[in-house]
Amino acid sequence: MKKNILLLIALVTAFAVNAQGLSGGSRHIPGGEFVPKRTIAAYPHLNLNSHASASSSRAATYSFYLDYDGVDNEYANIALPSPSDYSQFIWGLNRRFPNDSSFTIRWAAQIFDTLFDYTTNTVYPFDRYPTASTQLTVDTILVRYGHIKTVAVGAGTSPDTIVVRLFKNDTLNTLLQATGISAEQVWSQTIIVDTSMTGPGSGPGTVNTGTLVFAPGIALPTGSTFSVQVDFYGPVSDEFYVLAGYRDACAAACAGNMSQVGSRFGSGMNSWGEFVYKPATGTGFQAFNHNVNIDCNSNSVVDDANCENFYIQNYAIYPKVTAVVEFSGNIIADRTEGCPGEVAAVDLSIYGASGASTVAWTPTTGVDNPAAEDVNITIPASGTVTYTATITNGVNVTTATFVLKSNGVTVNAGADQTVACGATANLSAVASGVTTGITYSWSNGKTTSANSGVDGGTYTITVTNNKGCSATDVVVVTHPGETNTVGFAVPSPICASSTYGNIFPNTSLVKTGWNFTWTNLSTSATTFTEDGNLIFSTAGPVTIKLTAEKAGCVYSTQANVVVKAASDPLCRAFSIDDQIFANNVTIYPNPNNGTFELNVEGANETIEITIFDSKGQTVYTSSEAKTNSLVKTLDMSKASKGVYFVKVQSGVSVTTKKLVIN
């Protein structure tokens, strides 16, 4: 990214391209098959890296090609998380094509609304000059093409005609399917030919390609941009082709990829044409869209799998422009919206400055360094914020703005509730902010905004919108006079078995006087013990619910767990041999006053001892050497009275014992 650019006058080597004499290896295969990927090396005669610049105290002058191909090629192969090839293929172009022509266009137009200077800075996201403060002169226009004249000029036939037109975008508010660009035309040039200009290629079904060079020399007013349209008029048997870019995701999972270069019609919408096509069966049709949706295999479905949905990203039209940029700033960001807390990387480029400039960003909220040119801005919780960079260069001051939108969502589950014993509560969540595509997920498994008939307990609601932004809220339901916080620890692993259970330690705040019920919500199986000893006959996800009841007051909680198959190596602790290991682990005395002996017989590996309290927090760990008989005295006399759990593991054998300290 250029910073406070002081431009020096550079010499540019003038060059001319003979449209008749240049040819490349691009293939002509009816049906829109691909030609080799465009690279500078492949087209050295284009000299697209030619660049010149100069500066004054109030403006900077740049001369460069508007190489949208280069922008998309760089983006596809470097900037994308999963790079894909950027390719070119050729389209037959003729105003006289009927609807049943195969994969052709009647006209081609490229809208040059964005001033990417890819030839100066070839590292994404490239330099982009501010349109409003830039005066453009369209010096030359290069058009990659192929042409084969198959019908000789004679009685009843006429020469082929190529027309290139230049339009001013100030009045470009619409495109017409039948004619193309509908705007003020400021220049045009017509070429009339009666013989092939490039001719066929070296192999069957191929065509040589060349470059047409035009020199409009048209100066546009400051703030104006332009469009270029290419037309061909000739017998439909005469062949005229234009090249067009395409991000080749078809090689893997086909998808319609738009250009990174937009226009006043929207993001990516810079390349247009009137497409005509006849599928394998059925009648021909015409379409006016930069997005090509064609039922190529005639199965009545346009789908990605068959590469029937794609975009023409850029026609091979390369205008060389001279841009006079007034003292100004331009902002490029890696995102213009996101979820709260995410960060937008914002780059400020300054043009036409003399010497160093100072920068001040406002507002400063969320900006990591308000005096820097390149900043990171944290996306706010909600709303849209316009950030302004005020640039001072001597006595000259200018500003650049950047709009950042938060896609944040919030949720309110309402106030905590107290309901009488024997009654249940009805909860309701209200989402606000960006709620498009909102989904609800309650901690008790409900997936709607309403959560009715719930027991006492703590309930968490999580909402997520279609932008991937989430928010949570918590609501607590209690009963008057009888309160409890119900919970349980989840063992690991949880194993399927037809005989042996998995111990789920009860970590509820109060256990004395309460009746506990364990429910497997996936099978409705219940047990009525303080600690859960749950048997799962099959592997897979299940939901476990623990309910505590006293005098009609009910509290509950639940958790989603995954049961491993009995064959899983981690589940060998549930084999018959390891049940013997469990029988060989004893605690004496139990209950006790905090001092007790732990006995382990027949350990085959190092013995790992872990003791955790009723809340699942670890209070003691120890590692003992392998031994056939371990007798270890532990002193927990300073620990609080209550229930603890002693986990003993030796290799893949594991067991958990309940410990009570009075």
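The values are calculated or read from the model by the stated rules, or taken from the named source; none is laboratory data. Remember, it's a predicted structure, so these values are computed and weren't measured experimentally. Positions of Cβ are backbone-derived with ideal geometry, glycine not excepted, and every protein chain shown enters the neighbour counts. Please note that ligands, DNA and RNA were not included when accessible areas were found on the heavy atoms of the full protein model with its side chains. Shrake-Rupley method; radii C 1.70, N 1.55, O 1.52, S 1.80 Å.
Computed on the Cα atoms alone, the convex hull of the stretch 583-662 gives a volume of 78 cubic angstrom per residue. Under the classification rounded if a/c is under 1.5, otherwise prolate if a/b is larger than b/c and oblate if not, where does the stretch 508-657 fall, given a ≥ b ≥ c as square roots of the Cα gyration tensor eigenvalues? In terms of gyration-tensor shape, oblate.
Between Thr462 and Asn77, take the C-beta separation as r, use R0 = 45 Å, and let me know the FRET efficiency to the nearest 0.05. About 0.75, to the nearest 0.05.
Going highest first, how would you order 334-344, 621-631 by mean Cβ packing within 10 Å? It would help to have the intermediate numbers written out before the result.
Working: 334-344: 16.1, 621-631: 12.2.
Highest to lowest by the protection proxy: 334-344, 621-631.
The apolar share of the surface of the stretch 379-439, taken as the fraction of accessible area on carbon and sulfur atoms (1.4 Å probe, ligands and nucleic acids excluded), comes to 52 percent. Considering only Cα-Cα distances, which of the following residue pairs are longer than 31 Å: Lys446/Lys647; Lys564/Lys638; Lys446/Lys467; Lys564/Lys626? Too far apart for the 31 Å limit: Lys446/Lys647; Lys564/Lys638. Here each label is just a point 7 Å from Cα along the line to Cβ, and for Val652 and Ala345 those points are 4.6 nm apart. Could you tell me which of rounded, prolate or oblate describes the stretch 311-409, using a ≥ b ≥ c as the square roots of the eigenvalues of the alpha-carbon gyration tensor, with rounded for a/c under 1.5 and, failing that, prolate when a/b is larger than b/c and oblate otherwise? Verdict is oblate for the stretch 311-409.
With the convex hull of the Cα atoms taken as the outline of the stretch 165-277, the averaged projected area works out to 10.0 nm².
A simple packing score, the average count of other Cβ atoms within 10 Å per residue, orders the peptides 316-325, 199-208 as 316-325, 199-208, with the highest score first.
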